[in-house]
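Novice: First, the structure itself, so that you have it in front of you.
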Amino acid sequence: MAGFRLTKPYTMPKEDIRAAAEDLADSLAREHGVRSYWDGDRVKIKGAGVDGVLSFHDDLIDVSVRLGLLTSMFEAPLRREIQRYLDEHIT
């Protein structure tokens, strides 16, 4: 199973991080048809061939994504999209 992990330190208040995580999950749902749900300070993302977790703790955002065989060809664009979002919305 292919996949990737991205991390980014943050200094924003936890409420702002949670709002940014919700916005990212909503964007991924619209553009890629995945579903998301919260489990404490983690948002879990599931879809056809996609399984991911975004968590924030110890001043670090951690995004882990696993991709199935067919969706693995979208690894690079998905990684770029998530990295761009983190770079633009997380401080």
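The values are calculated or read from the model by the stated rules, or taken from the named source; none is laboratory data. None of these values were measured; they are calculated from a predicted model. Positions of Cβ are generated from backbone atoms using ideal geometry, with glycine treated the same way; all protein chains shown enter the neighbour counts. Calculation scope for accessible area: heavy atoms of the full protein, side chains included, ligands and nucleic acids excluded. Shrake-Rupley method; radii C 1.70, N 1.55, O 1.52, S 1.80 Å.
Novice: Could you tell me whether residue 23 is in contact with a helix residue (DSSP H, G or I) (Cβ under 8 Å, 6 or more places away or on another chain), part of a helix (DSSP H, G or I) and surrounded by fewer than 16 Cβ atoms within 10 Å (Cβ to Cβ)?
Specialist: Working: in contact with a helix residue (DSSP H, G or I) (Cβ under 8 Å, 6 or more places away or on another chain): yes; part of a helix (DSSP H, G or I): yes; surrounded by fewer than 16 Cβ atoms within 10 Å (Cβ to Cβ): yes.
When the stated conditions are applied, residue 23 passes them.
Novice: Taking segment 52-63 as the search range and keeping residues that are in contact with a strand residue (DSSP E or B) (Cβ under 7 Å, 6 or more places away or on another chain) and surrounded by 15 or more Cβ atoms within 10 Å (Cβ to Cβ), which one is farthest from residue 80 (Cα to Cα)? Break it down stepwise before answering.
Specialist: Our first condition is that a residue be in contact with a strand residue (DSSP E or B) (Cβ under 7 Å, 6 or more places away or on another chain); within segment 52-63, this holds for 52-55, 59-63.
Next, from what is left, pick out any that are surrounded by 15 or more Cβ atoms within 10 Å (Cβ to Cβ): 52-55, 61-63.
Details: 52: 15, 53: 16, 54: 15, 55: 18, 61: 16, 62: 15, 63: 12 Å.
Here the residue is 55.
Novice: Which members of segment 64-75 meet the condition of being open to solvent by less than 60 Å² (accessible area, probe 1.4 Å) and among the basic types (Lys, Arg)?
Specialist: Initial filter on segment 64-75 (open to solvent by less than 60 Å² (accessible area, probe 1.4 Å)): 64-65, 67-68, 71-72, 75.
None - no residue of segment 64-75 is open to solvent by less than 60 Å² (accessible area, probe 1.4 Å) and among the basic types (Lys, Arg), so the list stays empty.
Novice: Consider only pairs whose beta carbons are under 9 Å apart and that are at least six residues apart or on different chains; among these, list those whose first residue lies in segment 31-52 and is more than 15 Å from residue 67 (Cβ to Cβ) and whose second residue is β-branched (Val, Ile, Thr) and outside any strand (DSSP E or B).
Specialist: Matching pairs, first to second residue: 41/17.
Novice: Identify the single condition in (1) more than 13 Å from the chain's Cα centre (by Cα); (2) surrounded by 14 or more Cβ atoms within 10 Å (Cβ to Cβ) that residue 78 does not satisfy, given that it satisfies every other one.
Specialist: Here residue 78 clears every test but (1).
Novice: Quick check on my filter: what residues within segment 81-91 are in a helix (DSSP H, G or I) and either in contact with a helix residue (DSSP H, G or I) (Cβ under 9 Å, 6 or more places away or on another chain) or loosely packed, with under 12 Cβ neighbours inside 10 Å (or both)?
Specialist: Filtering segment 81-91 for residues in a helix (DSSP H, G or I) gives 81-89.
Scanning segment 81-91 gives 81, 82, 84, 85, 86, 87, 88, 89.
Novice: Restricting the first residue to segment 1-20 and requiring it to be among the polar types (S, T, N, Q), which pairs with a second residue that is open to solvent by 70 Å² or more (accessible area, probe 1.4 Å) meet a Cβ separation below 9 Å and a spacing of at least six or different chains?
Specialist: Correct list of pairs: 11/59; 11/91.
Novice: Residue under question is residue 18, and the condition is that it be loosely packed, with under 14 Cβ neighbours inside 10 Å, not in a strand (DSSP E or B) and not hydrophobic (A, V, I, L, M, F, W, C); does it hold? Step through it out loud before you land on a result.
Specialist: On the way: loosely packed, with under 14 Cβ neighbours inside 10 Å: no; not in a strand (DSSP E or B): yes; not hydrophobic (A, V, I, L, M, F, W, C): yes.
No; evaluated as a whole, the condition is false for this residue.
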